[in-house]
Amino acid sequence: MKKIVIAGGGASGLIAGIMAARRGAEVCILEHKDSVGKKILVTGNGKCNITNLSDMNGKYYSSNEKSLAKIISSISRFNAKDTLKLFEDMGLRCREKREGGVYPASEQASAVLEVLRDECLKLGIKIATDCEVKSINVTEHKRYIEYIKYIRADKEVDDKNNKGKKGKQNNKIIGEERGQMEYDSLILATGGKALPSSGSDGSGYKLARSLGHDIILPLPALVQLKCVYDNANNIDVFKIVAGVRAQASIRLFVEDKQCACEEGELQLTDYGISGIPVFQFSRIAARALYEGKRCKVYIDFMTDMSQNDISKYLKKFEYKTLADALAGVVHRKVAEMICVANGISLREKIKNISEDILSGCTNMIKNWEVSVVNTNSFDNAQVCSGGVPLDEVSDDFESLKCKNVYIVGELLDCDGLCGGYNLQWAWTTGVIAGMAASRWR
Ligand SMILES: Cc1cc2nc3c(=O)[nH]c(=O)nc-3n(C[C@H](O)[C@H](O)[C@H](O)COP(=O)(O)OP(=O)(O)OC[C@H]3O[C@@H](n4cnc5c(N)ncnc54)[C@H](O)[C@@H]3O)c2cc1C
């Protein structure tokens, strides 16, 4: 039997293990958290957007444009429909919700993890939790990894399933043991750096680097943007609009060049902007900021009216305060923010405000210009960009630096848009590598 060791029990590692075990390999998954699939549980707000049935072209990024063709051709080898069939065969019904996004019919991410774990159990896959892969070693006679197994103390806790009775839960780490494990094939499925509390703390980059791989600097992607609005009155206007959710069109400019445009539900926070349209272009902003470039976002709160239309509309209500009249067009907090930023009292009637100032206000509805100063950290990011360059792995995701080692999932230099594309990448790379790793050559 071919012995396959998998570092990381996330989406890509679990599916790789299943595919390899189905082909007769002996599989052991080493996971350094106390359970596998922690990130799967939080995907899609706990509902898990498992894949997307729409065209995959234009949905992925890589720092090397030439790698995009490789990404798309890999996805066509194991695509969204194959994912649905695979999960259906493991006992998970899925349903398309909107814009091609597919979720488990139960709308529970836990159901996705459960079928993966059940399948591992059925196939006899060994899962060693609290086990961190520390190094990869290749000598003339053997290939092995070194790991640390964390030992936990048993702690008595209330057993939720058995009211009133006590159950045991492994909790505090009280020690560690070091060990070695030989492999015929090793699959690195350690994820990237996004949401490190789920286990993907970037340790996979160190392992890949030790094999001679380059690492494209990982940066947060699918993440909120921290912004400032320069105004004469020096008011931190984001404090006023925090909590607002508004349909808007947003455009990202890097060094005065438009790089992206998105429409959807924008969320305003006390530090900047969030929501799916922001996530979709956040990776571009993150890289531009890292390179020291200027980033700006222009927000249009009223896509179906021109600035002229809004001015005419306001004129009809000259007897009202500007704040009240604007609140008939945009969210009240946005209306108040526009007044405050322009130094207009909330009690000021439109008829007493100069044309110039009114025009500044209507311009803010259509073209509110904010400077992007940073992204939120990896703690808040859904994925990260960067990682192992795709031209350093074969079409089956075998390392071109070290034979018999495969690299899958987010550890690779590929990140997708929101909408199920990142999990699809994890399934695709895991399936292809799992099958290839289990073949004797
Ligand atoms: C909040 C949130 C919501 C998301 N929602 C969606 C969504 O709805 N749809 C979608 O497509 N994508 C979503 N994503 C992205 C998606 O979850 C990831 O792209 C995907 O899980 C990556 O899979 P992976 O197997 O490469 O890595 P991970 O899922 O990160 O798994 C890596 C595993 O390796 C373990 N590990 C790391 N280092 C070691 C080591 N040295 N030794 C042993 N184990 C190690 C980690 O503990 C972890 O369990 C979301 C992400 C987040 C954070």
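Any read-out appearing in this document is the output of simple, stated calculations on the displayed coordinates, not a laboratory observation. Please read all numbers here as calculations on a predicted model, not as lab measurements. Heads up, the Cβs are rebuilt from the backbone with ideal geometry, glycines too, and the neighbour counts pull from every protein chain shown.
Among His331, His213, sorting on how many other beta-carbon atoms sit within 10 Å of each Cβ, with the fewest leading, yields His331, His213. Here the 3J(HN,Hα) profile of segment 60-73, calculated from phi with Karplus coefficients 6.51, -1.76 and 1.60 at θ = phi - 60°, is 10, 10, 8, 6, 10, 4, 5, 6, 4, 5, 5, 4, 5, 5 Hz, Gly and Pro shown as x. A Förster distance of 56 Å, applied to the separation of the beta-carbon atoms of Lys2 and Ile235, puts the FRET efficiency at 0.30.
Sorted fewest first by neighbouring Cβ atoms within 10 angstrom, Leu68, Leu188 come out as Leu68, Leu188.
Here Lys257 is the anchor, and the lysines within straight C-alpha reach of less than 24 Å, apart from those fewer than 8 places off in the same chain, are Lys59, Lys66, Lys226, Lys293, Lys296, Lys366.
Residue exposure proxy: Val36, Val5, ordered by other Cβ atoms within 10 angstrom of their Cβ from fewest to most, comes out as Val36, Val5.
Between amide H atoms placed 1.01 Å from N, distances below 5 Å from Thr375 occur with Lys226, all of them 5 or more places distant or on a separate chain. Taking the alpha-carbon distance from Lys351 and a cut-off under 17 Å, which lysines remain once sequence neighbours fewer than 8 residues away in the same chain are dropped? Straight-line reach from Lys351, under 17 Å: Lys312, Lys315, Lys316, Lys320.
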